[in-house]
Amino acid sequence: MFSRRGLILGSPVLLAAAPAAAQPVDQRADLQDITGRGSLRVTVPNFDSRPFFSAVSNRLEGLDIDLAQAIASELAVEAAFDRSPTSFNEAVQLVARGDADLAICKLSRTLPRARIIGYSRPYAQLNHGLLTHRVRFAAVARGRDMTEVIRNFEGELGVIGNSSFADFAGRNFPKARLQRFDTWSGMIDAIRSGNIDAAYRDDFEIKRLLVEDPSLTLVARSVTLTDLTDTLAIGIRPDAPQLAAFVDLFLELAHSAKPLSGDDLLARYRKTTGL
């Protein structure tokens, strides 16, 4: 908030003589760059994350792919996908360097990322979640209330390294002993074998996992953290203000004002996979 002092001190500036007019800056240069090359450069990591993005018979498909192609179509250009990143953070770095215009890839909004790229308005909002090992987590809980255990969690917590949840974990579970994994599947294996007490990710990914593999419920259970949210948005190169405004307007006009929820995405996933 502005203080009363700040507002009062600011007002005398209006009485001063106006400076010479500055040269106008063409704020459309970033869009002209895109239309001039005839392509919108979109980065997507080189792994699959259905229903957001996946490669089927060498063809990309999914919610984020459709979104990228629709934005490109509105700009009257083609969507050119760069799948060189091996992680979400590498996709962010590609956009930060200006080597991609957009990152449309289930990208979580975090403060460290917002320091180097722009973000669109959110198009999906998920709750945080835990996948807990039944026996190990019970030993950590020692009969205490679940809310208390989670708030002061001190056990072995798995996260995917170089991801938004690696950032979230340090802030939301400062007492936990973090174990970083290269992949989600590696973290799931650690839960199965009882090598960690819990895995930390968004609740959609955890619910999708249990839909795909119901047998996992024999050794693990899911916990949705309703007070913690993960907002997904489009990453935008930092020198492209007009592109950022265009993407926001596109999302406002072409999509529901309410971001997709984890349950919305799970229903879409079930429909596309028949699970």
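The values are calculated or read from the model by the stated rules, or taken from the named source; none is laboratory data. Not measured: the values here are computed from a predicted model. Because the Cβ atoms are built from the backbone with ideal geometry, glycine has one as well, and the counts that use them run over all protein chains shown.
Restricted to helices (runs of 4 or more DSSP H) entirely inside the range 49-145, those with at least 3 residues that are without any contact (Cβ under 8 Å) to a residue 24 or more places away in the chain, over 27 Å from F173 (Cα atoms) and not assigned by TED's automatic domain parsing to the domain that holds G155 are 63-74.
Figure legend. Inter-residue proximity from the range 157-185: first residues aromatic (F, W, Y), second residues surrounded by fewer than 19 Cβ atoms within 10 Å (Cβ to Cβ) and in a strand (DSSP E or B), beta-carbon distance below 8 Å, spacing 6+ or different chains. Indicated pairs: F168/L228.
Within the range 31-47, the set of residues being over 12 Å from S84 (Cα atoms), touching a strand residue (DSSP E or B) at 6+ places or on another chain (Cβ under 7 Å) and surrounded by 15 or more Cβ atoms within 10 Å (Cβ to Cβ) comprises I34, S39, L40, R41. Looking only at residues of the range 181-197 that are acidic (D, E) and modelled with pLDDT of 95 or more, we find that the one that is farthest from I160 (Cα to Cα) is D197. Checked against the criterion of being closer than 17 Å to A244 by Cβ, aliphatic (A, V, I, L, M), at pLDDT 95 or above and not in a helix (DSSP H, G or I), the range 39-46 has at least one qualifying residue.
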